[in-house]
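Q: Got a structure for you, questions after.
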């Protein structure tokens, strides 16, 4: 059970109501607001800020989906964030990340990732998530493949953002939206492969 309640968004007033309404609008096409955002609604203004970063990374960011998902999965595997891992494995497969690479990320064996570019992303992401910094060697390996400052910033922002999300989700014990969709850490089952 989540450590914070899922508040009734209708009960908010003033600025909190405006933020709650934006949150509701963002997920209007879904049957319900995902649990992670429902818990964040305990502070609607904060939830809106977190949502703004997520929207930027998903839609306006400068990263190819496969690069984005590699960075995210490296963070989620390290933090053991089941909630986000289960969602992002499916997205990663759709982005073109293969099941074997996902399995290596799950095991923390980022140095064994075959694609040199994705290995640089995974190594950088793991170091930054684990140590709250990254070595010059990890950054230079990343820079060899991505020389655009915006791309380097977006990779760093992605790692920082998903580190925050994973720690918030784990710390507040946010439950899976649908427990039947939970995926173990490891190579995804073949039936999930796209």
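The values are calculated or read from the model by the stated rules, or taken from the named source; none is laboratory data. Note that this is a predicted model, so its numbers are computed, not measured. Neighbour counts are summed over all protein chains in view; Cβ atoms, including those assigned to glycine, are modelled from backbone coordinates with ideal geometry.
Q: Between a first residue in the stretch 180-194 that is assigned by TED's automatic domain parsing to the domain that holds residue 83 and under 12 Å from residue 82 (Cβ atoms) and a second residue that is surrounded by 10 or more Cβ atoms within 10 Å (Cβ to Cβ) and modelled with pLDDT under 75, which pairs have beta carbons less than 8 Å apart while being 6 or more apart in sequence or on different chains?
A: Filtered contacts from the stretch 180-194: 183/192.
Q: Does residue 175 qualify as being in a helix (DSSP H, G or I) and either free of Cβ contacts under 8 Å to residues at least 12 places away in the same chain or outside the structural domain of residue 55 (by TED's automatic domain parsing) (or both)? Spell out the reasoning first.
A: Details: in a helix (DSSP H, G or I): no; either free of Cβ contacts under 8 Å to residues at least 12 places away in the same chain or outside the structural domain of residue 55 (by TED's automatic domain parsing) (or both): yes.
So residue 175 does not fit the description; no.
Q: Among the residues of the stretch 5-16, what is the count of those that are surrounded by fewer than 15 Cβ atoms within 10 Å (Cβ to Cβ) and in contact (Cβ under 8 Å) with a residue 12 or more places away in the chain? Can you show your working first?
A: Of the residues in the stretch 5-16, the ones surrounded by fewer than 15 Cβ atoms within 10 Å (Cβ to Cβ) are 5, 8, 10-11, 13-15.
So of that shortlist, the ones also in contact (Cβ under 8 Å) with a residue 12 or more places away in the chain come out as 5, 15.
Matching residues across the stretch 5-16 total 2.
Q: Right, here's the next one. Can you tell me which of 83, 56 is more than 20 Å from residue 100 (Cβ to Cβ) and outside the structural domain of residue 168 (by TED's automatic domain parsing)?
A: Testing whether each residue is more than 20 Å from residue 100 (Cβ to Cβ) and outside the structural domain of residue 168 (by TED's automatic domain parsing) leaves just 56.
Q: In the stretch 168-181, how many residues are modelled with pLDDT of 85 or more and surrounded by fewer than 12 Cβ atoms within 10 Å (Cβ to Cβ)?
A: The number of residues fulfilling the criteria is 3.
Q: Restricting attention to the stretch 158-167, which residues are over 14 Å from residue 39 (Cα atoms) and surrounded by 18 or more Cβ atoms within 10 Å (Cβ to Cβ)?
A: Result: 158, 159, 161, 162, 163.
Q: Would you check which residues across the stretch 120-134 are part of a helix (DSSP H, G or I) and either outside the structural domain of residue 152 (by TED's automatic domain parsing) or surrounded by fewer than 20 Cβ atoms within 10 Å (Cβ to Cβ) (or both) and list them?
A: Quick first cut of the stretch 120-134, residues part of a helix (DSSP H, G or I) only: 120-131.
Of everything in the stretch 120-134, those that are part of a helix (DSSP H, G or I) and either outside the structural domain of residue 152 (by TED's automatic domain parsing) or surrounded by fewer than 20 Cβ atoms within 10 Å (Cβ to Cβ) (or both) turn out to be 130, 131.
Q: Within the stretch 44-73, take every residue that is touching a residue at least 60 places away in the same chain (Cβ under 8 Å), in a helix (DSSP H, G or I) and closer than 23 Å to residue 111 by Cβ and give me the one that is farthest from the chain's Cα centre (by Cα).
A: Looking at the filtered set, the residue picked out is 67.
Q: Here's another thing I want to ask about it. Are any of the residues in the stretch 27-38 surrounded by 21 or more Cβ atoms within 10 Å (Cβ to Cβ), out of contact with any helix residue (DSSP H, G or I) (no Cβ under 8 Å at 6 or more places or on another chain) and under 22 Å from residue 163 (Cα atoms)?
A: Taking every residue of the stretch 27-38 in turn, at least one turns out to be surrounded by 21 or more Cβ atoms within 10 Å (Cβ to Cβ), out of contact with any helix residue (DSSP H, G or I) (no Cβ under 8 Å at 6 or more places or on another chain) and under 22 Å from residue 163 (Cα atoms).
This table checks each residue for (1) free of Cβ contacts under 8 Å to residues at least 12 places away in the same chain; (2) assigned to a helix (DSSP H, G or I); (3) not assigned by TED's automatic domain parsing to the domain that holds residue 131.
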{"residue": "20", "(1), (2), (3)": "no, yes, yes"}
{"residue": "37", "(1), (2), (3)": "no, yes, yes"}
{"residue": "75", "(1), (2), (3)": "no, yes, no"}
{"residue": "78", "(1), (2), (3)": "no, yes, no"}
{"residue": "89", "(1), (2), (3)": "no, yes, no"}
{"residue": "92", "(1), (2), (3)": "no, yes, no"}
{"residue": "102", "(1), (2), (3)": "no, yes, no"}
{"residue": "114", "(1), (2), (3)": "no, no, no"}
{"residue": "117", "(1), (2), (3)": "no, yes, no"}
